[in-house]
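Peer 1: Just dropping this structure here.
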Amino acid sequence: MGQALAKREMDKGMKQYHEQRFAEAVDEWSSALKKMTKARNKFEALGNICLALCDLGKYRDALTHSGLQIEVANDTDDPVLKSEAFLMYAICNEKLSEFTKAISYCRYCLQTEKVADRTQSYAHLCLGNAYVGLSEFPKAWGSYTKALTLARTKNDKFLELMTSARVGHMFSLLTDYDTGLAYCCKAWDVVSGLPEGDPHVRYRRLLAVYIATPYRRTGRYNEAMDYCEDAMKLAMLYGDRPVQARCLLTFADIHRKRNDLERASPRYESAYSIMSETGDRLGQVEALSGMAKTATSQRDLAKATELNVKALDIAQKIGNKLEMLRCHARLRTLYAATGDETLAHRHFSVLRQLLDEMELLCGVCDEVVGERPEKLDALRCGHFIHGRCSDYLARSTLGRAGKTRPCPACRRKSSENPALYT
Ligand SMILES: [Zn+2]
Ligand SMILES: [Zn+2]
């Protein structure tokens, strides 16, 4: 009797989930879970609850449920279930900016004796996201390439859409906005082609935020605003806290760039508060950095320093080297402006060291990749070089047709000679 009711509740929850009524779906599934006796049913309910909690931005609750799902999977001793549970645990950790833990659990997932194809593909996507979280871009590119290849082989449109969006975001972080936008637009085409009522349509609003980034960074504020305003409306309608916070951050950045600091500040504050609530610590660093830049524009250097130090502290805790680097760069400028050369120099040396660690030096010209907007090329090994240097590399190998062109950075590091993407 109880089992039949549980089954009905599971179905009802799924219907609500598809209608993006995430909180109601969580309640329905939680009620079903209490009545369940079979491990396999409990496993499914817990997995569904985790997904809906992530949609709501309740990452800590999702992580707790994910831990319970691992326990259930261990009881069944079914390797397929174990690998799925590890992946979910990795995803929740990635959302909470626990990037190293996310990587470990993706590895546990992939190393399980039996892993479903689908789980494997999504583990590569999650790995890519976690590596971007640590600013390990070559490794991230390697994982994303695997996810994209699997998506195309299996004709998994959703995986392709999510991976393209994240690859686009990565290129935007590396200030190659054209490539960033191209990947995001590819994802946009996929999501636009989905039939109305497809549950994946909800990713359109997250994608809008990713598309807005290259527009915003290249001064095309109206386009960025349009995408985010639509996304914000939908995010408010469906209680999507993560997208709300991201939109607020974009609005704040645009207002700041337009020198409307009065409107920028409260939006940074709101974004920061939502991100603290959800546990998106990387987002918190970005919001604090925006506040610090606002304080600098207001010539409040003491407040700017304090905010940058706070942002740097979180960036160090989560291990995001790119944000650490940006904080050090801003602190260096601030200390130099106040005449503290010793501290300015200290921040500069850490900055150089971080650049080395991120492997963001172009193997051809030895200059920094991602310092100013320009086209980049990703090599098969994961290293990035400037688009302009890629031409030079191609010319310098003329007459060696058919031979693989070595990546200069790898050649220096080892005897391996991975080929360029051609
Ligand atoms: Zn170069
Ligand atoms: Zn290389």
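Peer 1: Pull out all pairs, ordered by first then second residue, where Cβ-Cβ is under 8 Å, the residues are six or more apart or on different chains, the first lies in the range 402-413 and is within 13 Å of Tyr392 (Cα to Cα) and within 15 Å of ligand 1 (Cβ to nearest atom), and the second is at pLDDT below 65 and of a type in the set (Phe, Trp, Tyr).
Peer 2: none
Peer 1: Among the residues of the range 310-345, what is the count of those that are hydrophobic (A, V, I, L, M, F, W, C) and under 23 Å from the mean Cα position of the chain (by Cα)?
Peer 2: Matching residues across the range 310-345 total 10.
Peer 1: Restricting to the range 46-67, give me the number of residues that are among the small types (Gly, Ala, Ser) and more than 17 Å from Arg202 (Cα to Cα).
Peer 2: Residues in the range 46-67 being among the small types (Gly, Ala, Ser) and more than 17 Å from Arg202 (Cα to Cα): 4 in total.
Peer 1: Which numbered condition in (1) part of a helix (DSSP H, G or I); (2) crowded, with 18+ Cβ neighbours inside 10 Å is the only one that Thr153 fails?
Peer 2: The failed condition is (2).
Peer 1: To continue, here is another question. With outside any helix (DSSP H, G or I) and either touching a residue at least 24 places away in the same chain (Cβ under 8 Å) or loosely packed, with under 14 Cβ neighbours inside 10 Å (or both) as the only criterion, which of Cys381, Cys327, Cys389 stands out?
Peer 2: The unique qualifying residue is Cys381.
Peer 1: Scan the range 353-385 for residues that are near ligand 1 (Cβ under 10 Å from one of its atoms), closer than 27 Å to Lys146 by Cβ and of a type outside the set (A, V, I, L, M, F, W, C) and jot them down.
Peer 2: Passing the criteria: Gly363, Glu374, Asp377.
Peer 1: Restricting to the range 261-290, what's the tally of residues that are more than 21 Å from Leu53 (Cβ to Cβ) and of a type outside the set (Asp, Glu)? Walk me through how you get there before you give the answer.
Peer 2: Just the residues of the range 261-290 that are more than 21 Å from Leu53 (Cβ to Cβ), to begin with: 261-270, 272, 285-290.
From what's left, of a type outside the set (Asp, Glu): 261, 263-268, 270, 272, 285, 287-290.
Adding up the residues that qualify gives 14.
Peer 1: Let me ask something else about it. Taking the range 47-72, which residues are without any contact (Cβ under 8 Å) to a residue 60 or more places away in the chain and among the hydrophobic types (A, V, I, L, M, F, W, C)?
Peer 2: Once the filter is applied, which keeps residues that are without any contact (Cβ under 8 Å) to a residue 60 or more places away in the chain and among the hydrophobic types (A, V, I, L, M, F, W, C), the range 47-72 yields Ile49, Cys50, Leu51, Ala52, Leu53, Cys54, Ala62, Leu63, Leu68, Ile70, Val72.
Peer 1: Look at Ala378 and say whether it is of a type in the set (Gly, Ala, Ser), in contact with a strand residue (DSSP E or B) (Cβ under 6 Å, 6 or more places away or on another chain) and either at pLDDT 85 or above or within 16 Å of ligand 2 (Cβ to nearest atom) (or both). Walk me through it before giving the result.
Peer 2: Working: of a type in the set (Gly, Ala, Ser): yes; in contact with a strand residue (DSSP E or B) (Cβ under 6 Å, 6 or more places away or on another chain): yes; either at pLDDT 85 or above or within 16 Å of ligand 2 (Cβ to nearest atom) (or both): yes.
Yes.
Peer 1: Further question on the same structure: I'm told Val26 meets every condition in (1) crowded, with 22+ Cβ neighbours inside 10 Å; (2) among the β-branched types (Val, Ile, Thr); (3) within 25 Å of Tyr131 (Cα to Cα) except one. Can you identify the failing condition by its number?
Peer 2: (3)
Peer 1: Of everything in the range 21-77, what is in contact with a Gly (Cβ under 8 Å, 6 or more places away or on another chain), farther than 24 Å from Arg241 by Cα and among the basic types (Lys, Arg)? Give them in sequence order.
Peer 2: Passing the criteria: only Lys35.
Peer 1: Scan the range 271-309 for residues that are of a type in the set (Gly, Ala, Ser) and under 15 Å from Arg241 (Cβ atoms) and jot them down. Full working, then the answer.
Peer 2: Of the range 271-309, the ones of a type in the set (Gly, Ala, Ser) are 271, 273, 276, 279, 283, 287, 289-290, 292, 295, 297, 302, 304.
Ala271, Ser273, Ser276, Gly279, Gly283, Ala287 - these are the residues of the range 271-309 that are of a type in the set (Gly, Ala, Ser) and under 15 Å from Arg241 (Cβ atoms).
Peer 1: I need every pair where a residue in the range 73-96 that is touching a residue at least 60 places away in the same chain (Cβ under 8 Å) has its Cβ under 7 Å from the Cβ of a residue that is buried (at least 24 other Cβ atoms within 10 Å of the Cβ) and in a helix (DSSP H, G or I), sequence separation at least 6 or different chains.
Peer 2: Final answer for the pair search is Lys95/Tyr59; Leu96/Tyr59.
Peer 1: For the range 365-375, indicate whether the set of residues that are of a type outside the set (Gly, Ala, Ser), surrounded by fewer than 21 Cβ atoms within 10 Å (Cβ to Cβ), touching a Ser or Thr at 6+ places or on another chain (Cβ under 6 Å) and not assigned by TED's automatic domain parsing to the domain that holds Tyr272 is non-empty. Steps first, answer last, please.
Peer 2: So in the range 365-375, the residues of a type outside the set (Gly, Ala, Ser) come out as 365-369, 371-375.
Filter once more, so that each one left must be surrounded by fewer than 21 Cβ atoms within 10 Å (Cβ to Cβ): 365-368, 371-375.
Still in the running and touching a Ser or Thr at 6+ places or on another chain (Cβ under 6 Å): 373.
Next, only the ones that are not assigned by TED's automatic domain parsing to the domain that holds Tyr272 stay: 373.
Yes, because at least one residue in the range 365-375 is of a type outside the set (Gly, Ala, Ser), surrounded by fewer than 21 Cβ atoms within 10 Å (Cβ to Cβ), touching a Ser or Thr at 6+ places or on another chain (Cβ under 6 Å) and not assigned by TED's automatic domain parsing to the domain that holds Tyr272.
Peer 1: Would you point out which residue out of Ser97, Ser121, Ser104 is at positive phi and either in contact with a helix residue (DSSP H, G or I) (Cβ under 7 Å, 6 or more places away or on another chain) or in a helix (DSSP H, G or I) (or both)?
Peer 2: Ser97
The values are calculated or read from the model by the stated rules, or taken from the named source; none is laboratory data. Owing to the predicted nature of the structure, the values given are computational and were not obtained by experimental measurement. FYI the Cβ positions are ideal-geometry reconstructions off the backbone, even for glycines, and counts take in every protein chain you see.
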